[in-house]
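Peer 1: Before I ask anything, here is the structure I am working with.
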Amino acid sequence: MTIDEIIECVADLDGVLAVRPGPDDDSPEISWGDAFLYYAPDGAMPKAAQPFATIVTRNYPGDERSRLDRPDTFRVNIAAGKDSFIDSTGHAPREPAPDDDLGVTDAVFAHPVYGSAGWLAVVNPGRRTDAAVRELLRKAHHLARARYERRAGSTTS
């Protein structure tokens, strides 16, 4: 899977906003080339919501264990929820994760920084993880939509 294929995978889902920072906007340079996928049915960047998935193309400070400084390497990060996290890793998000190689490609693992919050990650998704990544993205979108609807309902009550 390429970055564009991942974005295309969610583009047909309702309310998806894909943000791709670059030099022509006010985003920090470190985020240029990355992608942030939000549930935003109005098409506007959410002010108080996190993305349901991100695609990062380089190491961030404190997040170097996936070794994204290798050529043509990126990582998709997915907030797929507790149940999907357990199904994918065999343990709950807050339980200690095995000391896996977090730079291995085409494998689902707990996000190196946000795993305790239920985030999963895949470096360079490929043939082995294609179907899993697509399903995890759909689940993450569904969860983000449900959070949005709960928040919208609580502000109208």
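Read-outs throughout are calculated quantities, based only on the coordinates presented, and are distinct from any laboratory measurement. Keep in mind it's a predicted model, so treat the numbers as computed, not measured. For neighbour counting, all protein chains shown are included, and Cβ atoms are generated from backbone atoms with ideal geometry for every residue, glycine included.
Peer 1: With a 10 Å cut-off between alpha carbons and a GNM built on the chain, which of Ala40, Ala80, Ala49 moves the most?
Peer 2: Per the Cα network of the chain with a 10 Å cutoff, Ala49 tops the list.
Peer 1: Taking a point 7 angstrom from the Cα of Thr2 along the C-beta vector, which residues in the range 14-40 have backbone N less than 17 Å away?
Peer 2: Within reach of a label on Thr2, which here means backbone N under 17 Å from a point 7 Å along Cα→Cβ, the range 14-40 contributes 20, 33-35.
Peer 1: Still on this structure: Among Asp69, Asp25, Asp101, which one shows the highest mean-square fluctuation when the chain is modelled as a Gaussian network with alpha-carbon springs under 10 Å?
Peer 2: Answer for the Gaussian network model of the chain: Asp25.
Peer 1: Between Asp83 and Ala97, what is the label-point separation in nm under the 7 Å Cα-to-beta-carbon projection?
Peer 2: Placing both labels 7 Å beyond Cα along the Cβ direction yields 2.2 nm.
Peer 1: Looking at the chain, do any whole DSSP H helices span at least 20 angstrom along their long axis by alpha carbon and average -1.0 or above on Kyte-Doolittle, and which?
Peer 2: Those that pass (Cα extent of 20 Å or more, hydropathy at least -1.0) are 130-156.
Peer 1: Add +1 for every Lys or Arg and -1 for every Asp or Glu among the other residues with Cβ under 15 Å from the Cβ of Thr73, and state the total.
Peer 2: Summing Lys and Arg as +1 and Asp and Glu as -1 gives -2.
Peer 1: Show me, for the range 65-78, the HN-Hα J-couplings you get by feeding each phi into the Karplus relation (A = 6.51, B = -1.76, C = 1.60, θ = phi - 60°), rounded to Hz, glycine and proline as x.
Peer 2: Listing the rounded values in order: 5, 8, 6, 6, 7, 6, x, 6, 10, 9, 9, 9, 10, 9 Hz.
Peer 1: Counting Lys +1, Arg +1, Asp -1, Glu -1, what net charge surrounds Ala48 among other residues with beta carbon under 11 Å of its beta carbon?
Peer 2: Net local charge, Ala48 excluded: +3.
Peer 1: Still on this structure, please answer the following. Sticking with the crude label model, points 7 Å out along Cα→Cβ, report the distance from Ala146 to Asp106 in nm, one decimal please.
Peer 2: Here the modelled spin labels are 3.2 nm apart.
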